[in-house]
Amino acid sequence: MAESMKGLRRTHRCGELSLEHVGETVTVMGWVQKQRNKGGIIFVDLRDRAGILQVIFEECDCGAGHFAKAERLRSEFVIAVVGRVEKRAGAVNENLATGQIEVRAREIRILSESETPPFQIEADSKTKEELRLKYRYLDLRRPNLQRNLMLRSRITSSVRAFLTGEGFLEIETPALNKSTPEGARDYLVPSRVHPGTFYALPQSPQLFKQLLMCSGYDRYFQLAKCFRDEDLRADRQPEFTQIDLEMSFVDVEDVIDATERMVQQVCREAIGLEVQLPIPRMTWTEAMNRFGSDKPDTRFGMELCDVSGTVRGCGFGVFSSALEAGGSVRGINVKGQAEMPRKKIDALVEFAKGYGAKGLAYLSVMPDGSVKSSFAKFMTQEQLDALIKTMDGQPGDLLLFAADKTPLVWSVLGALRIEVARQLDMIDKDAFNFLWVTEFPLLEWSEEENRFVAMHHPFTMPMEEDLEYLDTDPGRVRAKAYDIVLNGIELGGGSVRIFQSDVQEKMFEVLGFTREDAYERFGFLLNAFKYGVPPHAGLAIGLDRFVMLLVKAENIREVIAFPKVKDASCLMTGAPDVVDPVQLEELQIALKAGNENEEGKETDGAEADSEKSDNKKA
């Protein structure tokens with residue numbers, strides 16, 4: 001039978017006790033991790049979120065009744081223990097923070113009994129994740145998950161303290177919004193009061209935080225819950241939290257400065273990491289040319305090299321045809337891997353094809369100086385020598401090349417360098433390399449829609465010196481936009497906003513919007529801009545992703561209390577689920593027969609939990 005606490009009050013958490021408490025009588029409460037009955041003496045490992053404590057029961061100390069209770073204990077029973085802290089009589093347990101002490105019990109109360117759990121509650125569990133997520137309430141008892149979530153709590157406290165100290169106001173924005181279907185798919189909420197109409201859950205608070213700047217609140221922040229109906233990845237969930245902020249009367253440098261100092265404080269307080277300021281910066285063009293990515297991982301080299309000029313006019317048709325079509329030829333130098341087996345090279349070729357490449361060309365500079373290559377027979381010795389020199393090829397190096405339209409070459413080699421680095425264990429997993437990527441293109445051409453679309457969103461300010469090209473060469477215009485990257489993953493990003501009506505109208509015109517279209521979608525913001533709008537800028541950082549990287553977790557699910565799986569379902573609750581037909585009738589919704597959910601696919605890659613994706617294709 002379960003007992004009540006009967007006036008008992010916990011004096012300490014299990015992991016808080018140490019040698020300084022020896023001689024004190026304490027009351028501890030928690031879950032039984034393990035019970036070991038040695039005949040006349042029972043050892044119990046008692047666990048709570050602070051750690052594990054050894055408790056000793058001897059009949060002569062606690063009496064027959066309490067000893068009998070201790071004999072009944074099984075894993076995950078919840079108990080309260082009153083006892084005296086003593087220095088361990090036996091060997092010290094170096095693996096426990098409380099390993100030098102133990103509690104000699106004089107009283108025990110069994111507060112709750114437990115069935116045998118479906119898996120053992122232990123750190124670094126080998127239990128399949130699907131089973132752990134089904135019983136997430138048990139999974140969350142594991143020490144490593146508890147450490148992750150406690151760290152997350154410290155991070156949010158640090159963020160709030162920093163931003164409040166900088167004069168930011170924490171203001172909540174609505175969760176039921178108007179749908180503006182230009183970016184990721186919205187989660188829609190039907191209205192009962194207005195049949196046939198829908199709210200959308202926020203992809204970000206972008207428009208509302210700009211309205212707050214129009215309203216004079218000057219500095220806003222929010223730990224905002226956001227929703228995007230997208231396929232899940234290792235670092236993406238359908239609902240996520242972002243550190244969202246906006247500032248008035250500022251420019252790029254002001255936002256970057258505040259963000260850097262916030263990141264520095266959070267890292268110092270959370271994990272003792274001292275982030276050196278200023279964080280390095282790199283333009284988007286430099287990032288793409290050097291790393292083939294706008295979120296480059298700078299923990300290792302193997303940078304891209306443009307060899308277009310070197311191979312121009314050679315006899316290798318793959319190279320020449322790409323250059324004739326206006327593309328480029330680029331390569332990476334995999335140092336010391338000239339003797340990589342052909343089977344592994346072929347696997348890299350297949351990997352590249354997965355990113356749209358037609359293939360990969362390779363050239364091995366063997367240790368004796370000879371060359372093995374898939375294309376050497378199409379080039380003269382002088383051309384080969386020039387190519388190797390351009391690539392800084394040395395005996396023992398493997399050179400890999402892609403040739404196609406430049407954006408595709410960037411994408412292929414950017415992904416390939418990461419894959420090769422992983423395979424060869426070239427990445428320093430203890431490093432934290434922060435980076436700003438700046439001066440993104442304002443627009444990108446959509447082949448699907450046959451028009452320019454906004455790379456960030458339609459309220460991003462162009463670089464002033466590029467405004468003249470909006471009419472004549474829109475693709476040349478750079479944005480006053482900036483992303484913060486950590487170890488090759490986009491933490492978040494933001495931009496300076498357009499606040500002049502003529503620039504905003506021109507932006508909509510370039511995007512193919514009529515005035516009526518613009519007001520239909522964003523009229524509430526555009527109307528607010530008629531009444532005096534300050535220059536403003538902002539940024540959003542994905543909190544879940546930030547925590548994931550700081551704790552070196554492999555998946556974002558390890559830092560979210562109740563995450564979804566790859567098809568956006570919850571294994572614990574069974575959501576999403578059918579609803580009562582009466583509810584649908586109240587909403588005047590009828591379901592088509594035969595609808596089935598298609599399971600999403602989980603892949604590697606990143607799209608930041610930031611404002612960047614909201615209204616991206618407007």
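The values are calculated or read from the model by the stated rules, or taken from the named source; none is laboratory data. Nothing here was measured: the structure is a model prediction, and the numbers come from that model. When we count neighbours, we look across all protein chains shown, and the Cβ atoms used for this are built from the backbone with ideal geometry, even at glycine. Surface accessibility is based on the protein's heavy atoms, side chains included, excluding ligands, DNA and RNA. Shrake-Rupley method; radii C 1.70, N 1.55, O 1.52, S 1.80 Å.
For this structure, a couple of remarks:
- Residue within segment 289-302 that is free of Cβ contacts under 8 Å to residues at least 40 places away in the same chain and either open to solvent by less than 50 Å² (accessible area, probe 1.4 Å) or assigned to a loop (DSSP other than H, G, I, E, B) (or both) present: yes
- The residue of segment 455-487 that is nearest to the chain's Cα centre (by Cα), among those that are surrounded by fewer than 16 Cβ atoms within 10 Å (Cβ to Cβ) and closer than 24 Å to D257 by Cβ, is E464.
- G317 being of a type in the set (G, A, S) and more than 24 Å from E382 (Cβ to Cβ): no
Condition check ((1) in contact with a helix residue (DSSP H, G or I) (Cβ under 7 Å, 6 or more places away or on another chain); (2) under 30 Å from I271 (Cβ atoms)) across all residues:
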site: S374; (1), (2): no, no
site: Q381; (1), (2): no, no
site: K389; (1), (2): no, no
site: A421; (1), (2): no, yes
site: F432; (1), (2): no, yes
site: W436; (1), (2): yes, yes
site: E444; (1), (2): no, no
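- Every pair of residues 6+ apart whose Cβ atoms lie under 6 Å, when the first sits in segment 15-30 and is within 25 Å of Q146 (Cα to Cα) while the second is among the hydroxyl-bearing types (S, T, Y): L17/T98; V26/T11; T27/T11
- Unmet criterion (only one of (1) on the phi < 0 side of the Ramachandran plot; (2) free of Cβ contacts under 8 Å to residues at least 24 places away in the same chain) for N450: (1)
- Selection from segment 376-400 of residues that are more than 13 Å from F351 (Cα to Cα) and either of a type in the set (S, T, Y) or not in a helix (DSSP H, G or I) (or both): M379, T380, T390, M391, D392, G393, Q394, P395, G396, D397, L398, L399
- Subset tally (residues that are touching an Asp or Glu at 6+ places or on another chain (Cβ under 6 Å) and within 25 Å of R9 (Cβ to Cβ)) for segment 40-65: 4
- For segment 77-129, a tally of residues being acidic (D, E) and either surrounded by 17 or more Cβ atoms within 10 Å (Cβ to Cβ) or outside any loop (DSSP other than H, G, I, E, B) (or both) returns 4.
- Filtering segment 86-108 to residues that are closer than 13 Å to F57 by Cα and under 43 Å from the mean Cα position of the chain (by Cα) leaves E102, V103.
- Sole residue being at pLDDT below 95 and either of a type in the set (D, E, K, R) or within 26 Å of D235 (Cα to Cα) (or both), chosen from R545, R515, R478: R515
- For segment 53-76, the set of residues classified as open to solvent by 40 Å² or more (accessible area, probe 1.4 Å) and not basic (K, R) consists of E58, E59, C60, D61, A64, G65, H66, A68, E71, S75, listed by residue number.
- Between L273, L277, L304, the distinction of being modelled with pLDDT of 95 or more and within 13 Å of V409 (Cα to Cα) belongs to L304 only.
- Qualifying residue in segment 430-441 (condition: in contact with an Asp or Glu (Cβ under 8 Å, 6 or more places away or on another chain), over 29 Å from Q276 (Cβ atoms) and in contact (Cβ under 8 Å) with a residue 12 or more places away in the chain): no
- Residue list for segment 299-328, restricted to those being in contact with a Ser or Thr (Cβ under 9 Å, 6 or more places away or on another chain) and either closer than 14 Å to M288 by Cα or acidic (D, E) (or both): C305, D306, S328
- All conditions in (1) in contact with a Phe, Trp or Tyr (Cβ under 9 Å, 6 or more places away or on another chain); (2) closer than 30 Å to K6 by Cα hold for T164, with the sole exception of (2).
- Answer residue from segment 505-540, given it is among the β-branched types (V, I, T) and in contact (Cβ under 8 Å) with a residue 12 or more places away in the chain and is nearest to L443 (Cα to Cα) among those: V510
- Per the listing Y217, Y199, the residue uniquely open to solvent by 60 Å² or more (accessible area, probe 1.4 Å), within 20 Å of F459 (Cα to Cα), without any contact (Cβ under 8 Å) to a residue 60 or more places away in the chain and more than 26 Å from the chain's Cα centre (by Cα) is Y217.
- When V44, V26 are checked against the criterion of being open to solvent by less than 20 Å² (accessible area, probe 1.4 Å), touching a strand residue (DSSP E or B) at 6+ places or on another chain (Cβ under 8 Å), within 26 Å of Y135 (Cα to Cα) and not small (G, A, S), a single residue qualifies: V44.
- Looking across segment 235-288, the residues that are open to solvent by less than 10 Å² (accessible area, probe 1.4 Å), closer than 14 Å to R160 by Cα and of a type in the set (S, T, N, Q) come down to Q242, T259.
- Checking each residue in segment 425-454 for being open to solvent by less than 60 Å² (accessible area, probe 1.4 Å), out of contact with any Phe, Trp or Tyr (no Cβ under 8 Å at 6 or more places or on another chain) and assigned to a loop (DSSP other than H, G, I, E, B) picks out A431, F432, N433, L442.
- Residues (farther than 11 Å from I108 by Cβ and open to solvent by less than 70 Å² (accessible area, probe 1.4 Å)) located in segment 29-41: G30, Q33, Q35, R36, G39, G40, I41
- Some residue of segment 182-198 being at pLDDT 95 or above and touching a helix residue (DSSP H, G or I) at 6+ places or on another chain (Cβ under 8 Å): no
- Of all the criteria given as (1) surrounded by 20 or more Cβ atoms within 10 Å (Cβ to Cβ); (2) on the phi > 0 side of the Ramachandran plot; (3) of a type in the set (G, A, S), the one not satisfied by G336 is (1).
- Counting the residues of segment 177-196 that are of a type in the set (G, A, S) and open to solvent by 60 Å² or more (accessible area, probe 1.4 Å) gives 1.
Conditions (1) charged (D, E, K, R); (2) modelled with pLDDT of 95 or more; (3) open to solvent by 40 Å² or more (accessible area, probe 1.4 Å); (4) under 18 Å from L549 (Cα atoms), marked per residue:
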residue	(1), (2), (3), (4)
R142	yes, yes, no, no
L149	no, yes, yes, yes
I155	no, yes, no, yes
F168	no, yes, no, no
A175	no, yes, yes, no
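- Which listed residue, of L363, L400, is in contact (Cβ under 8 Å) with a residue 12 or more places away in the chain, open to solvent by less than 50 Å² (accessible area, probe 1.4 Å) and in contact with a Phe, Trp or Tyr (Cβ under 7 Å, 6 or more places away or on another chain): L400
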